[in-house]
Each structure stands twice: as structure tokens, then as C-alpha cells.
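See below for the structure under consideration.
The values are calculated or read from the model by the stated rules, or taken from the named source; none is laboratory data. Predicted model only: the values in this text are computed from it and were never measured. Because the Cβ atoms are built from the backbone with ideal geometry, glycine has one as well, and the counts that use them run over all protein chains shown.
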Amino acid sequence: MITRRKFIKNTSAGLFLSGIPYSTKALNNIKKYELTAKKAKHSFEKNLNKTNLWLFNNNCPGPLIAANKNDEIEITFNNQLDEPSAVHWHGIRNINSMDGVPVLSQPLVEPGESFVYRFPVRDEGTFWYHAHNKAWEQVTRGLYGPLIVFDNDQFMEKNDIIILADDWLLNEDLQMDVSSIGNLHDWSHAGRYGNRLTINGVFKPNIEVLSSNQARLRFLNTANARVLKFMLNDDMIFRVIAADGSPCNSFKTNKVVLGPGQRIDILIDETPKLKYLKEVSTGNEIIAATFEPKNQSVSVLDFNKKPYYPFPSLNNAKVINIHMQGGAMGNLKSAIFNNERRDLRDLALNEKKLWAFNKNVGDYNYKIGNLKLAEIVILRCWNDTRWHHTMHLHGHHFWVTSKEFEDLEIDLLRDTYLMQPGEKADLVFIANNPGKWLFHCHMLEHNASGMIGYLSVN
């Protein structure tokens, strides 16, 4: 847990928020960090043989990057891998040149090279960072970490707990299954599923909770493809207070459902009753973490923030249709790839391309549409496939309407939305951030094999 005092005074490593390394060097309102991507070994539990991963700063997950709203963050990224990489700041309404997307916003950072990211953080909330080159492999191997933007004094001295969840595919010796990375079956079906769950890089961690009436839990799903469902002991009722970093009018529920890339912040009103966290997406309860009370009383302010801005009028909105097709057991027979229409079987076997927007197999060069600055936009999405997709928009937050399967509050701003098979949904946003912004599925294998494109805002 970060205290207000520690946050302001800290100039060295060694502080922790829920076991995740924290360090920063402050210069006025500039928070400076250094991230080094390299091969490293990691043990998922004490006395367990270490497995080979690719990590930031030798940590799994990478170190916490933290700042206050309206600060600037400067991150020097050093690439010590054997292949190029880049870093994306997921959920941040960023400057386009700092978004971390190769081709669209920056050159690839080659092995042995460095790149300095510097950008303001305008929104408080729960975000994360991850590699954005060959994400289907680099994120799979461990290149990600949390990014938290605080609202000055809010929760700086409170129970503020990160629940960063990942889904790993390990062999019988609990070593990472490397041979299956890039498997065509995963690319054509649901994506890469694991067999072991970690919270903050550990199997079933014991998380300290201070004695108080309230605690904030920040849930992040960093898995490649698995949709995670969390509940607390005795199916406790709690309040959702933010989604994908955006505050909302709080509402009560007893479960958190997260597609890959999504985040949910909840407020626990009675921490003495908090005993363990369970994951129930498979129908079987898995104890994901336990909570250890600590007799240290803290005062916690009630959280009742409103959304950043109201839902806009759609009278003059621009509609862009997104027909999502492809994958196994789908109805897509052919698609356009590199300006050539080709049979889907041919694309799958020879190009490893299986998914499409509007019958176009996408990549970083596929333009979905042109938008005017400040224009109201509706992405009218139809998931015409047999699989889930978590649709992520860079540089913006959006509202979801016309929901068929999930009852979300209209004021709930998101940057990543889980679409059910067959679902039709409107993603509504204000194109208020100039640049070329990716729109893609965050099931990383789906993204790599064609379910990706960009919107140009000018």
C-alpha cells in the first residue's frame, strides 16, 4: 500500500502496492521511470523452480508506474531482448506519438536501443502497460505491468489493492509451455488459454488488508484470451466505482467479469469480512488469493465520483459499421488481404490470417475510417463469429449502448468492451484526440491474425 507520505517522499526502490515493486523519482510534477525488457527467470511461488520469462526490470508483473492526475510521466524504455519491441500505455488518453504502436506512432525499438516516452496523464484511474510488438508472444512471456493514476489525496493513505490477474499455460514441471506459443488452433479459436492463474505474479498470494471499514480493489485482466470472473468469499456484495480507469455512478454487484485488457475498481464496505478471492469462470471455484487482516486502523473516504462527461447527443453522430467475421466455424469464406481477395483457408494456412473487419484482414496499415476532430462517432459493431472478442480503442473512452447480453450502466465509460458471440453493440465516443488510433480485439491471437485497424482523427 502506498501512503501519501511515501508517495511524495520516495526517491528509491523498495515500496510496494500489494506486493508490486514501486519506485519513482519526482521532479516537480514529472515522474521518471526506467523500464528494461530482458529475459529473466521467475518463480510463481516460494521454493518453486524458476521458469524462463521475458520481463520488465526482472519483475513479474513489471514495476508499478504511479503518478497523480495532471502529472507528466517520463519512461525510458530499454530493449535488451533479441527482437524489436515497443510499449503501449493501455487506457491512457495519450499523445498519439507516445501511444507505443509500431508503424502508427513510433518506430520499433530494436535490440540494444532505447526510447523515451513522455506524456501527461489527464485521467485518474487503473491502467496498465504492455509490449505492443508481437504481443501474442511478448505479453504471453510476461512483458506487462500496472499503471495507476491517483487523484491527488484520494486513497493515498487507504486500503488500495491491485489484483492483477494472468492466465499461464505451464507444463507438468510448472515451466512455461513455450512450444505452443503461436499455435494456429489458438489463433483460429478462442485464443491462448492457460491452466494456472496468478495474482500479481504469484499462485494464490496472501494479500494484506488494513483494519478499516473500506478497501479499494483494482482488478486487471492481463491474460491473452481468457475471460475471468471473480467473486469474494460468501458471495459478498460490493460497489463498482470505476471501469477501465473511468469513475462511474457506483452500483452494487457480487461479481467482476473481465475480458482481456479490462479493469474494474470496486469498493469493499466491510473489510473485516474479506477473507478470500475466488475465480469461477470455468464453473469450478478456484481460490485465487487470500486476505490477511492487519490491525492498523485507517480512515477511508467514501468514493462517489461522477463520470468525466455526460453522454452526448447522437443526432449528428457519424456511424461506422464494423462487421466482425472469421475464425473457426465462422461464415467468412474469403477476405481482402494486401488489396487482394483470397480464400480464407489459403489465408489461414499460408499467412496465418483468420479474422476480418468488413471482410478486410487488418493490420497496422488498415484504415477503418476518417474522423473529424470533436466529431461524435458510433462504432456499430456486430460480432458475427462463434467467439468472444474484447474490443479496445486507443486514445479514447467510449460508452456502450444497444447491449443484448450485458446490462451495463449508461454512464460507464470504457476503453475495452467484451462482446459476446453474435452480439451487436454501439460503441459511442467523442473523437477529441487527434492522430491515428488502433481499434482491435484484445484477444491477442485474434489481433495478430486480422481483427485490427485504425481510425484517423484530424
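Return the pair list, or none, for Cβ contacts closer than 7 Å from residues in segment 269-298 that are at pLDDT below 85 to residues that are part of a loop (DSSP other than H, G, I, E, B) and crowded, with 16+ Cβ neighbours inside 10 Å, at least 6 apart or on different chains.
297/212; 298/157; 298/158; 298/159; 298/212
Name the residue that is surrounded by the most Cβ atoms within 10 Å (Cβ to Cβ), counting only residues in segment 340-398 that are assigned to a strand (DSSP E or B) and of a type in the set (Phe, Trp, Tyr).
Let us first name the residues in segment 340-398 that are assigned to a strand (DSSP E or B), namely 340-343, 355-357, 360, 367-371, 375-383, 389-393, 398.
Still in the running and of a type in the set (Phe, Trp, Tyr): 355, 357, 382, 398.
Values: 355: 31, 357: 25, 382: 15, 398: 24.
Restricting to residues being assigned to a strand (DSSP E or B) and of a type in the set (Phe, Trp, Tyr), the top hit is 355.
Test each condition in (1) under 27 Å from residue 48 (Cα atoms); (2) touching an Asp or Glu at 6+ places or on another chain (Cβ under 8 Å); (3) surrounded by fewer than 18 Cβ atoms within 10 Å (Cβ to Cβ); (4) at pLDDT 95 or above for residue 198 and report the one that comes out false.
If we test residue 198 against (1) under 27 Å from residue 48 (Cα atoms); (2) touching an Asp or Glu at 6+ places or on another chain (Cβ under 8 Å); (3) surrounded by fewer than 18 Cβ atoms within 10 Å (Cβ to Cβ); (4) at pLDDT 95 or above, just (3) comes out false.
Can you confirm whether residue 417 is in the same structural domain as residue 334 (by TED's automatic domain parsing), closer than 23 Å to residue 129 by Cβ, surrounded by fewer than 19 Cβ atoms within 10 Å (Cβ to Cβ) and under 22 Å from the mean Cα position of the chain (by Cα)? If you could, list the steps in order and put the result at the bottom.
On the way: in the same structural domain as residue 334 (by TED's automatic domain parsing): yes; closer than 23 Å to residue 129 by Cβ: yes; surrounded by fewer than 19 Cβ atoms within 10 Å (Cβ to Cβ): no; under 22 Å from the mean Cα position of the chain (by Cα): yes.
Judged against the criteria, residue 417 is not a match.
Failed condition for residue 212, given (1) surrounded by fewer than 21 Cβ atoms within 10 Å (Cβ to Cβ); (2) hydroxyl-bearing (Ser, Thr, Tyr); (3) in a strand (DSSP E or B), with all others met?
Failing condition for residue 212: (3).
Filter segment 52-82 down to residues that are surrounded by fewer than 22 Cβ atoms within 10 Å (Cβ to Cβ) and β-branched (Val, Ile, Thr) and give me whichever is farthest from the chain's Cα centre (by Cα).
Ranking the candidates gives 76 first.
Of these, 89, 136, which one is in a helix (DSSP H, G or I), in contact with a helix residue (DSSP H, G or I) (Cβ under 9 Å, 6 or more places away or on another chain) and either farther than 27 Å from residue 309 by Cα or not small (Gly, Ala, Ser) (or both)? Show your work before the answer.
On the way: 89 fails: in a helix (DSSP H, G or I).
From the options 89, 136, the qualifying one is 136.
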